[in-house]
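**Student:** Can you keep this structure in mind? I'll have questions shortly.
The values are calculated or read from the model by the stated rules, or taken from the named source; none is laboratory data. Quantities reported herein were computed from a predicted structural model and do not represent experimental measurements. A quick note on method: Cβ atoms are made from the backbone with ideal geometry, for glycine too, and the neighbour counts reach across all protein chains shown. SASA here: full protein model, heavy atoms, side chains in, ligands and nucleic acids out. Shrake-Rupley method; radii C 1.70, N 1.55, O 1.52, S 1.80 Å.
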Amino acid sequence: MIKVAIMGYGVVGSGVYEVIRKNEKSIAKKTGGKTITVKHILDLRDFPDHEQPQLFTKSFEDIVNDPEVAIVVEVMGGLTPAYEYSKAALLAGKNVVTSNKALVAEHGTELMQIAKEQNVNYLFEASVGGGIPIIRPLSQCLAANELEEIYGILNGTTNFILTKMITDGADFEEALAEAQRLGYAERNPEADVEGYDACRKIAILASLASGKYVNWSTIETEGITKITRRDVAFAEKFQAVIKLIGHAKITEDEKVYARVSPMLIPKGHQLADVNGVFNAILVKGDSIGDVMFYGQGAGKLPTASAVVADVIDAAKHIHTNKLITWKEVKENFMVDPDTVVARFFVKANAAEVMKDFPGAEPLGDEAGTWYFVTEAMPEGEFKKKLNGRGDFIRVLEG
């Protein structure tokens, strides 16, 4: 029997408890006959009506000092005390499973190293795709490939907002209010709409793909708050839609390009029809070509299913470190974004701006604003020509 402690009993934590209880028999078959049971649940709140109120504790010491607890599930969110508790659990020889993207992006290098030294595991499948499997496929199923590029829709909240703007003609504020009403967006939606959530996810994926720790704070990040209903309409004239894309590319000389920003997605591209709260991640390998992972990127049971899959994996490798890792590299290996070649969807405040971009494709004008798409050029050259005379969105090629 494998005993588990759950730290945090919010949406995901309660889902983890539910999945373990509901699927106990089938989980035991997948662990080679080892039954998984929950022994402790850490939360500062009281749950007197819970079916097993005796499981709840307000003290982390009850978990870290319990020799029977082999796996700790951290679904508290944030950095403190999640980092301190996760580190202490690993040092105590316990496996740790998390859905906490902020923690993995900030301290994953250290925590995976501790896990290796303690011969336990630090697993984080649910930290990027929620219910979409992506960490295990990258580290195992696609291990024979040199991973060249990863990009996709990594945040369901922003995708829902942009979908409402595209399909219903809503403006940003209306679509955000609807997302909040339906529970897809938090009361403070900054992490989603400013791109910070997607930034941490692409940092994790870029680190796995390159084998080098990509610090999320070095990634240029732009959210969707400046996107207007008019932008969406003119994108339609270009036979395209606007999506928030996390993008990472590993160059031939093993440097890494990473960015999060709205992008113009031509209709017909695999990502153009990914709508609502759904996410999609496209991985390009040198041998397999393009592979796309699609599904619900958040939600109670989808995320809990990914967490419990890691619990099962940890139970199967209870005294064996799985070596999912990346290394800290001191020299700068990040590609200068200004050197990356792209086309740009431009919203200019003067008609003559387009004259500085020979070969640009005009899309029309409205209320003193002109839209056009440039030819491909390095971003630094483009910005110099634009010289602050308008806003722009990059065009996704391929």
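**Student:** So if I check each of Gln118, Gln52, which one is surrounded by 14 or more Cβ atoms within 10 Å (Cβ to Cβ), out of contact with any Phe, Trp or Tyr (no Cβ under 8 Å at 6 or more places or on another chain) and among the polar types (S, T, N, Q)?
**Tutor:** Going through Gln118, Gln52 in turn, just one is surrounded by 14 or more Cβ atoms within 10 Å (Cβ to Cβ), out of contact with any Phe, Trp or Tyr (no Cβ under 8 Å at 6 or more places or on another chain) and among the polar types (S, T, N, Q): Gln118.
**Student:** Test Lys330 against the stated conditions and say whether it is at pLDDT below 95, out of contact with any strand residue (DSSP E or B) (no Cβ under 9 Å at 6 or more places or on another chain), basic (Lys, Arg) and open to solvent by 30 Å² or more (accessible area, probe 1.4 Å).
**Tutor:** Yes: the conditions hold for Lys330.
**Student:** If we only count helices (runs of 4 or more DSSP H) wholly inside region 141-246, which ones have 3 or more residues that are farther than 30 Å from Leu323 by Cα?
**Tutor:** Filter on region 141-246 gives 156-168, 172-181, 190-193, 229-237.
**Student:** Right, something else. Of everything in region 132-148, what is under 11 Å from Ala309 (Cβ atoms) and under 11 Å from the mean Cα position of the chain (by Cα)? Give them in sequence order.
**Tutor:** Correct list: Ile135 only.
**Student:** Still on this model: Only one of these is surrounded by 15 or more Cβ atoms within 10 Å (Cβ to Cβ) and either in contact with a Leu (Cβ under 6 Å, 6 or more places away or on another chain) or acidic (Asp, Glu) (or both): Val308, Val353, Val395. Name it.
**Tutor:** Val395
**Student:** Hey, another quick one. Considering only region 167-184, state which residues are closer than 22 Å to Ala272 by Cα and under 19 Å from the mean Cα position of the chain (by Cα).
**Tutor:** Ala179, Tyr184
**Student:** Could you look through region 56-88, keep only residues that are hydrophobic (A, V, I, L, M, F, W, C) and free of Cβ contacts under 8 Å to residues at least 60 places away in the same chain, and pick out the one that is least open to solvent (accessible area, probe 1.4 Å)?
**Tutor:** Ile63
**Student:** Out of the residues in region 298-338 that are in a helix (DSSP H, G or I) and of a type in the set (D, E, K, R), state the one that is farthest from the chain's Cα centre (by Cα).
**Tutor:** Checking each candidate, the answer is Lys316.
**Student:** So which residues in region 360-398 are part of a loop (DSSP other than H, G, I, E, B) and either over 23 Å from Arg230 (Cα atoms) or β-branched (Val, Ile, Thr) (or both)?
**Tutor:** Within region 360-398, Thr374, Ala376, Gly398 meet the criteria.
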